[in-house]
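The values are calculated or read from the model by the stated rules, or taken from the named source; none is laboratory data. Only a predicted model underlies this, so the values are computations on that prediction, with no experimental measurement involved. Note that each Cβ is placed from the backbone with ideal geometry, even for glycine, and that neighbours are counted across all protein chains shown. The protein model used for the area step is the full one, side chains on, heavy atoms only, and it has no ligands, DNA or RNA in it. Shrake-Rupley method; radii C 1.70, N 1.55, O 1.52, S 1.80 Å.
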Amino acid sequence: MEVVTWTGRTACALQQALRMTNEQFAEHLDVGVRTVASWHSAPDMVPKNDTQQLLDTAYERASVSVIRRFAALSRPTPMAAQAQAFRVAVAVVTRGAEVLLVCRRGDDALSWQFPAGTVKPGRTGAVVAVEETRAETGIRCAVRQQLGERVHPKTGVLVEYHLAEYLMGEAENRDPDENSDVAWVPRADLTRFIPEQQIFPPILEALA
């Protein structure tokens with residue numbers, strides 16, 4: 001497939017097809033790591049012309065197998081279309097060197113996650129992220145930055161991620177039917193609670 005205009009989304013698809021980390025892809029293109037991270041956080045952005053040319057060159061030099069993977073990753077899927085109708089907003093709430101987590105009750109296990117809620121028609125993800133955080137944990141926060149969105153690899157749901165700052169309140173489990181616990185955990189220990197491969201890369205970069 002021919003790419004007429006690169007966006008953050010298609011650039012990330014090329015990165016994934018090349019199986020490169022942000023650092024490796026930045027070096028491969030000769031751009032900054034922050035530039036690559038910005039494509040993850042803003043998938044609809046259109047890079048500048050000189051960066052378009054760098055992406056063209058990387059695509060043209062890619063192997064046949066990489067081109068095939070890129071085409072598959074760039075092709076709309078029924079799952080992605082379905083995800084458009086069901087959107088979830090996630091709040092990554094920080095307080096100094098800590099981040100807020102909830103421990104979800106699953107069908108057969110518990111799992112630590114960030115506070116989150118469904119975005120219903122007429123609502124914005126940022127508002128839902130703040131409201132669900134308070135409803136689940138009693139913590140008041142304010143969204144400072146949207147970190148991006150993706151179709152979640154396990155659930156197929158479209159998820160948008162918001163970096164939020166703690167304002168006030170004591171963490172408590174206000175939704176015992178869905179959660180078993182709420183906790184502030186050190187940012188440095190986050191991957192002890194949530195496996196690194198399951199965390200949206202821009203979250204790790206924002207918390208670094």
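Length gained on full extension, Asp175 to Glu196, computed as 0.36 nm times the residue gap minus the Cα-Cα distance: 5.0 nm. Each of Gly125, Ala164, Thr137 was scored by the projection of its Cα onto the charge dipole of the chain, and the greatest displacement toward the positive side belongs to Gly125; charges sit on the C-beta of Lys, Arg, Asp and Glu. Checking every one of the trypsin sites (Lys or Arg not before Pro) in the stretch 1-40 against DSSP loop status and a limit of 10 other Cβ atoms within 10 Å picks out Arg19.
Centre-to-centre separation between the Cα atoms of the stretch 1-22 and those of the stretch 47-70: 7 Å.
Here the gap between Arg19 and Ala135, fully extended at 0.36 nm per residue and compared with their Cα-Cα distance, gives a gain of 37.9 nm.
If only the Cβ of Lys and Arg carry +1 and only the Cβ of Asp and Glu carry -1, the dipole of the stretch 59-208 around its Cα centre is close to 700 debye.
Probing with 1.4 Å while keeping every protein chain in the model, the per residue accessible area of the chain equals 57 Å².
The stretch between Arg95 and Leu110 holds 3.0 nm of extra length on full extension. This uses 0.36 nm per residue minus the Cα-Cα distance.
Need one number: % antiparallel among DSSP beta bridges in the chain, to the nearest 5.
Numbers: 27 of 35 bridges.
Looking only at bridges with both residues in the chain, the antiparallel portion is about 75 percent.
From the Cα gyration tensor of the stretch 78-208, with a ≥ b ≥ c the square roots of its eigenvalues, which class applies: rounded if a/c is under 1.5, or else prolate if a/b is larger than b/c, or else oblate? Verdict is rounded for the stretch 78-208. The calculated 222 nm mean residue ellipticity attributable to helices in the chain amounts to -11500 deg cm²/dmol, summing -39500 (n - 2.57) over DSSP H runs of n ≥ 4 and dividing by all residues. For the stretch 54-59, 3J(HN,Hα) computed residue by residue from phi via the Karplus equation (6.51, -1.76, 1.60; θ = phi - 60°) reads 5, 5, 4, 5, 4, 5 Hz, glycine and proline entered as x.
Using the Cβ-Cβ distance between Thr57 and Ala208 with R0 = 25 Å, the FRET efficiency computed as 1/(1 + (r/R0)^6) comes to roughly 0.25. Relative contact order of the stretch 49-208, taken over Cα pairs closer than 8 Å and 6 or more residues apart, is 25 percent.
Taking 7 Å steps out from each Cα toward its Cβ at Ala188 and Arg34 produces label points 2.5 nm apart.
Coupling constants for the stretch 151-162 follow from the phi torsions by the Karplus curve (6.51 cos²θ - 1.76 cosθ + 1.60, θ = phi - 60°), and in residue order they are 7, 4, x, 9, 9, x, 8, 6, 10, 10, 10, 10 Hz; glycine and proline get x.
Does the stretch 128-176 come out rounded, prolate or oblate, given a ≥ b ≥ c as the square roots of the eigenvalues of its C-alpha gyration tensor, rounded meaning a/c under 1.5 and, failing that, prolate meaning a/b above b/c? Cα axes put the stretch 128-176 in the oblate bin.
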